[in-house]
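The values are calculated or read from the model by the stated rules, or taken from the named source; none is laboratory data. Since this is a predicted model, take the numbers as computed values, not measurements. In this analysis, Cβ positions are derived from the backbone assuming ideal geometry, glycine residues included, and neighbour counts consider all displayed protein chains. These area figures cover heavy atoms from the full protein model, side chains too; ligands, DNA and RNA do not enter into them. Shrake-Rupley method; radii C 1.70, N 1.55, O 1.52, S 1.80 Å.
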Amino acid sequence: KQYYGARHVLISGSSAGAHMALMLGILHPDLFDGIQTFMGLINTGFRVSYQRLVKQHPESLSRNLPVLMIHGWKDPYISVASAKETYQWMKNQGFDVQLIVRPSMEHQHYIPDNAFILDWFRSTLSQPSSSAHPSPKILP
């Protein structure tokens, strides 16, 4: 943020990039204002390491970072069940997370969602983080 003079930074990624975006955002919440992923999940090894880190340094990890996960129902590589498991884990950790499942989407970056993502990001910047966690949505 300082180097580029940016006021707000959203980290985003697809597939393995989504995994990295989630890990970076969770471990360095001071660098980002939101996380957005396509076809992402958090593996068990990271979850265990995160739990250990929280016990050692609870003050250094913020859970106020908004997270938007978008997943394809027809994804042949990462199942919707895995996305829902990641969503539930993040929700249980206190993250402000939303999961949207697109019925016709496969393992891809869904270009029509770009405007939706920017609107989501702008709206999260204009309101305080919510403690209410919406249920996963299946949208066209």
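As a summary of the residue check, GLY45 satisfies the conditions (1) at pLDDT 85 or above; (2) of a type in the set (Gly, Ala, Ser); (3) in a helix (DSSP H, G or I) except for the one numbered (1).
Out of all the residues in the stretch 54-64, is one or more among the hydrophobic types (A, V, I, L, M, F, W, C), modelled with pLDDT under 85, open to solvent by less than 40 Å² (accessible area, probe 1.4 Å) and in contact with a Pro (Cβ under 6 Å, 6 or more places away or on another chain)? No: the stretch 54-64 contains no residue that is among the hydrophobic types (A, V, I, L, M, F, W, C), modelled with pLDDT under 85, open to solvent by less than 40 Å² (accessible area, probe 1.4 Å) and in contact with a Pro (Cβ under 6 Å, 6 or more places away or on another chain).
Mind listing whichever residues of the stretch 31-51 are in contact (Cβ under 8 Å) with a residue 40 or more places away in the chain, under 13 Å from THR86 (Cα atoms) and open to solvent by 30 Å² or more (accessible area, probe 1.4 Å)? Matches in the stretch 31-51: LEU41, ARG47. Of all residues in the stretch 86-101, those satisfying the criterion of being modelled with pLDDT of 90 or more and outside any helix (DSSP H, G or I) are VAL97, GLN98, LEU99, ILE100, VAL101.
Selection of the stretch 96-127 for residues being touching a Lys or Arg at 6+ places or on another chain (Cβ under 7 Å) and touching a residue at least 60 places away in the same chain (Cβ under 8 Å) yields only TYR110. Condition check for ALA83 on (1) under 23 Å from HIS107 (Cα atoms); (2) in a loop (DSSP other than H, G, I, E, B): one failure, at (2).
Scanning the stretch 13-33 for residues that are part of a helix (DSSP H, G or I), under 10 Å from LEU65 (Cα atoms) and touching a helix residue (DSSP H, G or I) at 6+ places or on another chain (Cβ under 9 Å) gives a single hit, ILE26.
For the subset of the stretch 80-97 comprising residues that are open to solvent by 50 Å² or more (accessible area, probe 1.4 Å) and of a type in the set (S, T, N, Q), which member is nearest to SER15 (Cα to Cα)? Here the answer is GLN88.
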